[in-house]
Each structure stands twice: as structure tokens, then as C-alpha cells.
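Chemist: Below are the C-alpha cells for one structure; questions will follow.
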Amino acid sequence: MLNFRLPKNDREYYWTSHSKSKMLQYRISEQKIKSILNNPSRKESGVAPKTLAVMVRNDKPKRKEEIWIMFQVVKTQIPKLKFQSKRRVIISVWRYPGVSKKREVPIPEDALAELDKLQNELKIQ
């Protein structure tokens, strides 16, 4: 995809390499993810510890699907500004074919491995 722009980390969002690769794989833009985070159809606790999963329906005439985002809210210290802020760590993004049942959030195994690695890097408590 020539026109696809990968997101960059900022004060509000941290994008894992796993989430970036899944965005490319499923052709989901940064703006679409942000709009889902701000206005989800369904919100559930994630399978991984201290995570949330949000979903929005993305039905087409010939297929039904959901777009899921697993993320974690962490407090970060901003040294230059000397205050703490909340940052959303986008862990994984995926399309789910069909309609998922409530409380059965399907999460890929590679996303769980990425989360463990990320928690160790950021020293999340």
C-alpha cells in the first residue's frame, strides 16, 4: 500500500510494532482506530491483564465483521513539562469476521507476547 502512513508515538498514543503490522495487514488507518477508541460500539475488559478491548461493527453488503482494538491506559511522566499524563498504548488491532459473543474477545497469541515485552520495557505496574 503506497499511501498508507504508519502512526507515530506522541503524548496520547503509543503504537506497538505489533499494532502497526496489523494495521498494514488489515488496512486499518490511524484515524479509524482513534475514532473507534473515542466512540466504541462495545467495550470489554481485555484478556491480557490491565487491558481494554473496544469494538465497532464494520458491516458490508456481502460480509459482516467487527474491528477490535486492544489497548492499555498507562500513566507517563513527561520530564520537560514535569507532570503525569495518561497515554493509550495500542497493543493490537484486528478484524473479526462475523459477530462475536460478549465477553469472548478473540486475541491473537502474538499480541499477548508483544504485551508482555512492552510491559517489561515500560515497567508498568
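The values are calculated or read from the model by the stated rules, or taken from the named source; none is laboratory data. Bear in mind that the values here come from a model prediction, so they are computed numbers and not experimental data. Don't worry about glycine lacking a Cβ; one is built from the backbone with ideal geometry, like all the others, and counts go over all protein chains shown.
Chemist: Counting residues that are of a type in the set (A, V, I, L, M, F, W, C), in contact (Cβ under 8 Å) with a residue 24 or more places away in the chain and under 27 Å from Asn120 (Cα atoms), which strands (runs of 3 or more DSSP E) fully inside the stretch 10-64 reach at least 2?
Modeler: Details: elements: 13-15, 42-45, 52-57.
Output list reads 52-57.
Chemist: Now for a different question. Restricting the search to the stretch 13-31, which residues are under 16 Å from Val89 (Cα atoms) and crowded, with 17+ Cβ neighbours inside 10 Å?
Modeler: Hits for the stretch 13-31 are Tyr13, Tyr14, Trp15, Thr16, His18, Ser19, Lys22, Met23, Glu30.
Chemist: Val73: surrounded by fewer than 15 Cβ atoms within 10 Å (Cβ to Cβ) and of a type in the set (Val, Ile, Thr), yes or no?
Modeler: Values: surrounded by fewer than 15 Cβ atoms within 10 Å (Cβ to Cβ): yes; of a type in the set (Val, Ile, Thr): yes.
Yes; evaluated as a whole, the condition is true for this residue.
Okay, residues lined up against (1) under 17 Å from Ser17 (Cα atoms); (2) modelled with pLDDT of 90 or more:
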{"site": "Asn38", "(1), (2)": "no, yes"}
{"site": "Pro49", "(1), (2)": "no, no"}
{"site": "Val54", "(1), (2)": "no, yes"}
{"site": "Glu65", "(1), (2)": "no, yes"}
{"site": "Gln72", "(1), (2)": "yes, yes"}
{"site": "Val89", "(1), (2)": "yes, yes"}
{"site": "Val99", "(1), (2)": "no, no"}
{"site": "Val105", "(1), (2)": "no, no"}
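Chemist: Can you name the residue in the stretch 39-49 that is more than 16 Å from Lys101 (Cα to Cα) and more than 13 Å from the chain's Cα centre (by Cα) and, of all such residues, is surrounded by the most Cβ atoms within 10 Å (Cβ to Cβ)?
Modeler: Filtering first and then ranking leaves Pro49.
Chemist: Based on this model, can you work out whether Ser35 counts as exposed (fewer than 13 other Cβ atoms within 10 Å of the Cβ) and within 12 Å of the chain's Cα centre (by Cα)?
Modeler: Numbers: exposed (fewer than 13 other Cβ atoms within 10 Å of the Cβ): yes; within 12 Å of the chain's Cα centre (by Cα): yes.
Against the criterion (exposed (fewer than 13 other Cβ atoms within 10 Å of the Cβ) and within 12 Å of the chain's Cα centre (by Cα)), Ser35 qualifies.
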